[in-house]
Structures are given as C-alpha cells and as structure tokens.
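Participant: For reference, the structure I am asking about is given below.
The values are calculated or read from the model by the stated rules, or taken from the named source; none is laboratory data. The shown structure was predicted, so the numbers you read here are calculated from the model rather than taken from an experiment. Heads up, the Cβs are rebuilt from the backbone with ideal geometry, glycines too, and the neighbour counts pull from every protein chain shown. SASA here: full protein model, heavy atoms, side chains in, ligands and nucleic acids out. Shrake-Rupley method; radii C 1.70, N 1.55, O 1.52, S 1.80 Å.
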Amino acid sequence: MAITTYGLQDIKKEIQHLPPGQIAELCLRLARYKKDNKELLAYILFEADDENGFIEKIKAEMGFMFSQLPVRAYDSAKSLRKILRLLSKYTKFMGSKEAEIELLIAFCNDYVHYIDRKTSYKPLRMILSRQLLKIRTLIEKLHEDVQADYTLDYNNVHMLAEQKFPWLY
C-alpha cells in the first residue's frame, strides 16, 4: 500500500476550491506540525512587509550571539555554525539574494571583530573563508547595477579580514 504524493500544482488547485475558513484552519494545522512552518508563517504574516526591519532584527540577534561566543576555539566554531544555520533559515524565508548577501557581510564583519586573530583552529578559520567565497559567488549572480554596491561592501570586509588575520589566503 503506497501513499500518493501530490505536486504543488495539484495542491494549489485544491486550495483554490476551499473556503477561507478552511484554508486558515489548514495553515494553523501546518504551523502546529513543525516549528519551521510556524516561523515561516509568522514571517509571512508579520515581518514580510518590512524586510529591512527584519534584516536589522537578525543583525542585532547575530551581534548578540557573537558577543556571547565561548573562548575555546572548538566551542566558538560550533556557535558560529549555529549562527550560520539561523542565517540560512531566515534567508530562505525572505527568498532574496540581496538580503542574504547583506546578512553574510554582517556575519563576516562580526567575525572579524569578535574572533581572536591568533587562532590556529582550522575549522574556525575555514568558516570565514567559506563565507567570503559564498558572498563572492552570490554577488556574481546579481544584476550588474546591484553588483557594484555589494562588491564595495565585500571588498571592505575582505580588506579588514586580510589586515586582521594573517592566515587568510
């Protein structure tokens, strides 16, 4: 006995035939099912209209998490990965490459300010290198007009990182 899975088009057609009250009930049921669904629904309902305000909230939360980083390199790397997981979840909610670039640039800025320059723990070092590479590839996918703005920010962060961390590149 196999359970039939339906595609998004089938679900969309079926939802269009439902009354608004039943759609609201389905959304609430979905929100109760998984925490990510509830967070996405909350973002869509309350935060989606003010994307810049939402980005500022994320930056503030990220800054607080950076200020609470542990001293040991292993624990710091774990905390940084947790911050990156949160950033990737929020950028999936927003669905905007520009917002993702802005948040990753803020992450790299905080990294440069909070991480000890003498660290020899390779996973901790690789986090910054990977994020800088990710920012560069995301910028290349943008339209040329927008690329110039983010390239300037990227170059500033990259220059700061090279000045502080002799191991970068």
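Participant: Take the residues in the range 55-64 that are in contact with a Leu (Cβ under 8 Å, 6 or more places away or on another chain) and of a type outside the set (Asp, Glu); name whichever of them is most open to solvent (accessible area, probe 1.4 Å).
Facilitator: That would be 59.
Participant: Which pairs do you get when a residue that is without any contact (Cβ under 8 Å) to a residue 60 or more places away in the chain and aliphatic (A, V, I, L, M), found in the range 1-26, comes within reach of a residue that is open to solvent by less than 90 Å² (accessible area, probe 1.4 Å) and part of a loop (DSSP other than H, G, I, E, B), reach meaning Cβ atoms under 9 angstrom, with the pair 6+ apart or on two chains?
Facilitator: Within 9 Å, the pairs are 26/18.
Participant: What pairs come out if I take residues in the range 100-127 that are of a type outside the set (Val, Ile, Thr) and pair them with residues that are surrounded by fewer than 18 Cβ atoms within 10 Å (Cβ to Cβ) and not in a helix (DSSP H, G or I) whose C-beta lies under 8 Å away, six or more apart or interchain?
Facilitator: Taking only residues 6 or more apart or on different chains, the pairs are 117/166; 125/119; 125/167; 125/168.
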